[in-house]
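First up is the structure itself, then whatever we jot down about it.
Every read-out reported here was derived from the displayed coordinates using simple, explicitly stated rules and does not represent laboratory data. All values reported here derive from a predicted model rather than from experimental measurement. Every residue, glycine among them, receives a Cβ derived from its backbone with ideal geometry; neighbour counts consider all protein chains shown.
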Amino acid sequence: MSPVALAELEPISEQEMSQVQGQAMMTVDHVDGVNHRFTRVTLGVDAETRLNADGVVMGGDDSGADLDIKNFALGHYVRDDTRVQIDGNTYNVDEVVPFEGVEPYLELAERDGQLSGFRFGLNQARGTLSGEIASFSGNLNLKINDADGNPVDAMLFDDAGVATNHRATQIGLAGEDGTCSQCVPLTNLLSMDIGVDNGDGTVGFTEDLFLAFQRESVDWQDLGGPGAIQGPEGVFLNLPTSMTLDMQTLQNGVQRERTHYVDRGTGMF
């Protein structure tokens, strides 16, 4: 008969536990806000991706969609090996500059036991986002140099030139009355750098990229600061860009990054 080894499990002390280092695969946080109770589930993973989709349409009805982006893409292929990419590195032609995401999370907002909304986000994100934006609901944190060369926050407008962050179709500068004084179609923005401006031509990670769906207005926690980001009813995309542009560049159109390895036609890359 073979010998059998028996051992009894014993609990370890709090001091011994404190000496163990590691990262949780999943964490759950509960936060009580002013109007809602929030539950956030965060995964301790990170990923690099390059993604293409023919289109992204969300929150649609007979009059349009909250979000409508054609030829959507994350990340891009390199076309110029001398260009320093947003992560500060250079790559060979045809190599991929990925979209980077760290610690994805799902957060629920509840009021009186009812679900008011939820959002998907990344604790850190950096990369290029490309597409033809026909309709946009959310924040597009882009800056434009005004006539004096001072960077100011770009504003979103509807077809009539009225400022809005719901189903916007134009972007530009507002006049004294708050309506559009200089604006261009959002389709002129074919690619955007997502992240924060490091001040040296490179882009750092942003903590505020998320996509939310709400039955009512929800004040989501700003993970990159002390305040809150208000998401109105419907679909809401918080898209922090690191870009500062002038109106002439916007009017000429921001070139699309190369998002396909094989040429799929004029204008794709």
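Listed values, structure above:
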quantity: Value of relative contact order over the stretch 131-269, rounded to a whole percent, pairs C-alpha under 8 Å and six or more apart; calculated: 26 percent
quantity: Förster radius 22 Å - calculated FRET efficiency between L106 and E216, Cβ distance, rounded to 0.05; calculated: 0.75
quantity: Using θ = phi - 60° and Karplus 6.51 cos²θ - 1.76 cosθ + 1.60, couplings along the stretch 201-209 (whole Hz; Gly, Pro as x); calculated: x, 9, 10, x, 6, 9, 9, 10, 7
quantity: Segment D177-R37, extension gain: residue separation times 0.36 nm, minus the distance between their alpha carbons; calculated: 46.6 nm
quantity: Trypsin sites (Lys or Arg not before Pro) lying in DSSP loop within the stretch 167-269, provided at most 12 other Cβ fall within 10 Å; calculated: R264
quantity: Karplus-derived HN-Hα couplings along the stretch 84-98 (A = 6.51, B = -1.76, C = 1.60, θ = phi - 60°), whole Hz, x at Gly and Pro; calculated: 7, 7, 5, 8, x, 9, 10, 10, 6, 4, 5, 6, 9, 9, x
quantity: Highest-fluctuation residue, T259, T169, T39 considered, GNM on the chain with Cα pairs under 10 Å; calculated: T39
quantity: 5 angstrom amide H check on G33, placed H, neighbours 5+ away; calculated: F38
quantity: Distance (nanometres) between label positions extended 7 Å along Cα→Cβ at K70 and M25; calculated: 4.3 nm
quantity: Percent antiparallel among DSSP beta bridges (both partners in the chain, rounded to 5); calculated: 90 percent
quantity: Amide H contacts under 5 Å for T259, placed H, 5+ residues apart; calculated: Y77
quantity: Packing rank of 141-148, 221-228, 120-127, 184-191, where each peptide gets the mean count of other beta carbons within 10 Å, highest leading; calculated: 120-127, 184-191, 141-148, 221-228
quantity: Long-range HN-HN contacts of F210 with modeled amide H, under 5 Å; calculated: N238
quantity: Kirkwood-type radius of the stretch 49-128, with distances r between different C-alpha atoms, in Å; calculated: 15.6 Å
quantity: Difference of contour (0.36 nm per residue) and Cα-Cα distance, Q251 to D61; calculated: 65.4 nm
quantity: CD proxy at 222 nm, helix term only [per DSSP H run n ≥ 4: -39500 (n - 2.57); per residue of the chain; nearest 500]; calculated: -1000 deg cm²/dmol
quantity: Added length on full extension, which subtracts the Cα-Cα distance from 0.36 nm per residue, D158 to T244; calculated: 28.8 nm
quantity: Most mobile of G138, G59, G101 in a GNM of the chain (Cα contacts under 10 Å); calculated: G59
quantity: Summed residue charge, Cβ within 14 Å of T27's Cβ, Lys/Arg positive, Asp/Glu negative; calculated: -2
quantity: Expected-Rg normalisation [2.2 N^0.38 Å, Cα atoms] applied to the chain; calculated: 1.21
quantity: Nearest-0.05 FRET efficiency for T90 and D146, computed from C-beta distance (R0 30 Å); calculated: 0.35
